[in-house]
Amino acid sequence: MERRVSVSVIMPAYNAEKYIAKAIESVLCQDVPLELFVIDDCSADRTAEIAGRYADGSRVVLIRNSRNLGVAESRNTGIRHAAGSYIAFLDADDWWAAGKLKAQCSRLKESGTVLCCTARELMDMDGNPQGKIIGVKEEITYPMLLRTNSIPCSSVVMETRVAREFYMCHDELHEDYILWLQVLKKYGKACGINEPMLKSRMSEGGKSRNKLKSARMQFGVYRYLGFGFLRSCYYFLQYAVNGIRKYS
C-alpha cells in the first residue's frame, strides 16, 4: 500500500556532521504525512553516515551526489523526486519548531497562495539564541520582495507543481531569492506566519554572512532579472537600507 505524503522535505547537506541530526529530528517530529530527502553533496565528513542512520528508503531517503553539484542543483534533485503536494526546504544546519509544517499547510489552504514562509530566530553555531527574531509580513508581494529578500529559504513551504515550473538556478547568486521572485511575479503574493518557527544558525561561512559578497550577488540578481543598471541601483539601495534595519 502506497504511503500518503503531503509534504516532501528537501535537505541539501555538505559537511554538516555537527548539525544534521538535529535538523533531521526536527523534521521527523512534524505532525503531517511527509517524506525527507537528504541530498549529500559529496561531503568529506560523516554527514552521509549520520543521515544514513535515519534513512529507511521510504520516509527518509538519502541521495548521494556523484559529484559536487552545489546547493541549487541538490535542491532540484529533491524537487524531482518529491511525491508530496507541497515542498519544504530546510538547510542541514537549521531546524524547525514543532507544528511548523501543519501550520503552514493550513495557512496555504486558507490564503489560496502557493508559497508560505515564517519568521526566524537567529542562533549561533552552537544553537544558542542570539536574542534576535526576524519577522515576516502576513502578505508578501513581488514589489515588496524586490526591495528585500524577506523569505528565509529554510522556512518555505510551497506547492510542488510551482517549484517544478521554475526550479533553482545560479548558485553564484542568491538562488532561492531568484525562485521566490519568479514565483511571486507570476502568482502575485506569498503568505507569512510571523512566528519564529525556523531556528537559523548564523554560519560564518554562509554566503549571506559575507556582506560584500552578498551585496554583489544581490545586484547580480537584479541584472539576471533583466533590470537595467539604474533600476538595479534603485532596488539595490533599498535592499541595503532594509538590510541594515533587518539586522540592527
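The values are calculated or read from the model by the stated rules, or taken from the named source; none is laboratory data. The structure presented is a predicted model; accordingly, all values stated were derived computationally and were not measured. Heads up, the Cβs are rebuilt from the backbone with ideal geometry, glycines too, and the neighbour counts pull from every protein chain shown. Accessible surface areas use protein heavy atoms only, side chains included; no ligands, DNA or RNA. Shrake-Rupley method; radii C 1.70, N 1.55, O 1.52, S 1.80 Å.
If the condition is being hydroxyl-bearing (Ser, Thr, Tyr), surrounded by 21 or more Cβ atoms within 10 Å (Cβ to Cβ) and under 20 Å from residue 109 (Cα atoms), then region 155-207 contributes only 155. For region 117-139, a residue qualifies if it is closer than 18 Å to residue 181 by Cα, open to solvent by 50 Å² or more (accessible area, probe 1.4 Å) and part of a loop (DSSP other than H, G, I, E, B), and the qualifying residues are 137, 138.
Of the residues screened, residue 78 is one that is open to solvent by less than 10 Å² (accessible area, probe 1.4 Å), of a type outside the set (D, E, K, R) and under 20 Å from the mean Cα position of the chain (by Cα).
The residue that is modelled with the lowest pLDDT, among those in region 3-23 that are among the β-branched types (Val, Ile, Thr) and closer than 18 Å to residue 58 by Cα, is 5. Candidates 141, 148, 160: the one that is of a type in the set (Val, Ile, Thr) and either within 26 Å of residue 125 (Cβ to Cβ) or out of contact with any helix residue (DSSP H, G or I) (no Cβ under 8 Å at 6 or more places or on another chain) (or both) is 148. Residue count for region 219-248 under the criterion of being outside any loop (DSSP other than H, G, I, E, B), open to solvent by less than 60 Å² (accessible area, probe 1.4 Å) and more than 23 Å from residue 131 (Cβ to Cβ): the result is 11.
In the set 49, 73, only one residue is open to solvent by 10 Å² or more (accessible area, probe 1.4 Å), out of contact with any helix residue (DSSP H, G or I) (no Cβ under 7 Å at 6 or more places or on another chain) and closer than 24 Å to residue 179 by Cα; that residue is 73. Checked against (1) assigned to a helix (DSSP H, G or I); (2) over 17 Å from the mean Cα position of the chain (by Cα), residue 145 meets all criteria but (2). Tell me, which residue of region 1-28 that is open to solvent by 50 Å² or more (accessible area, probe 1.4 Å) and within 22 Å of residue 109 (Cβ to Cβ) is nearest to the chain's Cα centre (by Cα)? Here the answer is 4. Can you name the condition, by its number, that residue 196 falls short on among (1) touching a Phe, Trp or Tyr at 6+ places or on another chain (Cβ under 8 Å); (2) modelled with pLDDT of 95 or more? In the conditions (1) touching a Phe, Trp or Tyr at 6+ places or on another chain (Cβ under 8 Å); (2) modelled with pLDDT of 95 or more, residue 196 misses (1) alone.
Checking each residue in region 11-33 for being more than 13 Å from residue 201 (Cβ to Cβ) and touching a Leu at 6+ places or on another chain (Cβ under 8 Å) picks out 11, 24, 27, 28, 30, 31, 32.
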